[in-house]
1. Per residue of the stretch 145-159, what does 6.51 cos²θ - 1.76 cosθ + 1.60 with θ = phi - 60° give for ³J(HN,Hα)? Whole Hz please, x for Gly and Pro, Karplus curve as stated.
2. Taking amide H positions as placed in the peptide plane 1.01 Å from N, state which residues far from residue 187 in sequence (5 or more) or on other chains have amide H under 5 Å from it.
3. Note down the magnitude of the dipole of the stretch 144-195 about its Cα centre, charges +1 on Lys and Arg C-beta and -1 on Asp and Glu C-beta and zero elsewhere, to the nearest 20 debye.
4. Could you tell me which of 98, 58, 78 has its Cα farthest along the dipole of the stretch 56-207 towards the positive end, charges placed at Cβ (Lys, Arg +1; Asp, Glu -1), taken about the Cα centre?
5. Suppose the chain between residue 156 and residue 20 were pulled fully straight at 0.36 nm per residue; how much longer would it get relative to their current alpha carbon spacing?
6. For the charge dipole of the chain, defined by +1 on Lys and Arg C-beta atoms and -1 on Asp and Glu C-beta atoms about the Cα centroid, which residue among 142, 114, 27 has the Cα displaced farthest towards the positive pole?
7. Can you tell me the relative contact order of the stretch 127-195? Whole percent, Cα pairs under 8 Å, sequence separation 6 or more.
8. Would you order 159, 86 from fewest to most other beta-carbon atoms within 10 Å of each residue's own beta-carbon?
Amino acid sequence: MDTTSTESLSVRLAEPDDSQAILDIYSPYVRDTTLTFVSTIPTEREIRAKMLQIQRRYPYLVCTIGGKVIGFAYANEMRPHEAYRWNAELSIYLDESYHRRGIATALYTALFQILRTQGFVNLYAVITIPNDPSIALHRHFGFTEIGVHEATGYKFDRWLDTVWMHHRIEGAADPAEHGLPTPMAELRKNDIDNALNLATALLKGVKA
């Protein structure tokens, strides 16, 4: 395989027109795996609506290669109560052809920097186990395991366990001083671009 030029690789904000590509990546996870507890493949319209809802407050990112979306990652509400407004739950999915190539690392690098700039404090991931690659990715980014929920999900005629992982952002803003996390729409463009450019730089040398 040839090394793809860095010009053809990028991490950027997701756009509504990416919804079909995102659905194409997500569908096999729903249909064939227990990595998501979603059992019915959503429609493209549902993917688009969810994206737009998330983007009011949180970052929703895609990684592209040669213009093709090959992975996506986003933060979302952990729980609805007001006291949890400084927390976010993360999700990431890659095209199965692009695992173990640094795509997830690039997406999470940008996601983390944006969330830190917004003023979020606690990040969570809920992972169906076993899933060693996902657990390793989150440990790489400083997550620790905080508990296992046994037999908490039922899919494909069997009960499944999940592990909760947590990361407290180092140097996170004090809510007493910063206030609520800044919504994405109010974040400075320069702050977003810096995070995306940093992630894109990490993709140098990724192979197509």
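1. These are the phi-based 3J(HN,Hα) values: 7, 10, x, 10, 9, 7, 6, 9, x, 10, 8, 6, 6, 8, 7 Hz.
2. For residue 187, whose amide H was placed from the backbone, there are no distant partners under 5 Å.
3. With only Lys, Arg, Asp and Glu charged at Cβ, the dipole is about 180 debye.
4. So the residue furthest toward the plus end is 98.
5. 46.4 nm
6. 114
7. Taking the mean separation of contacting Cα pairs over the length of the stretch 127-195, I get 27 percent.
8. Arranged by neighbour count, lowest to highest, 159, 86 become 159, 86.
No lab work stands behind these numbers, since they all come straight from the coordinates. Source: prediction; values computed, not measured. Ideal geometry is used to build each Cβ from the backbone, glycine not excepted, and the neighbour counts take in all protein chains shown.
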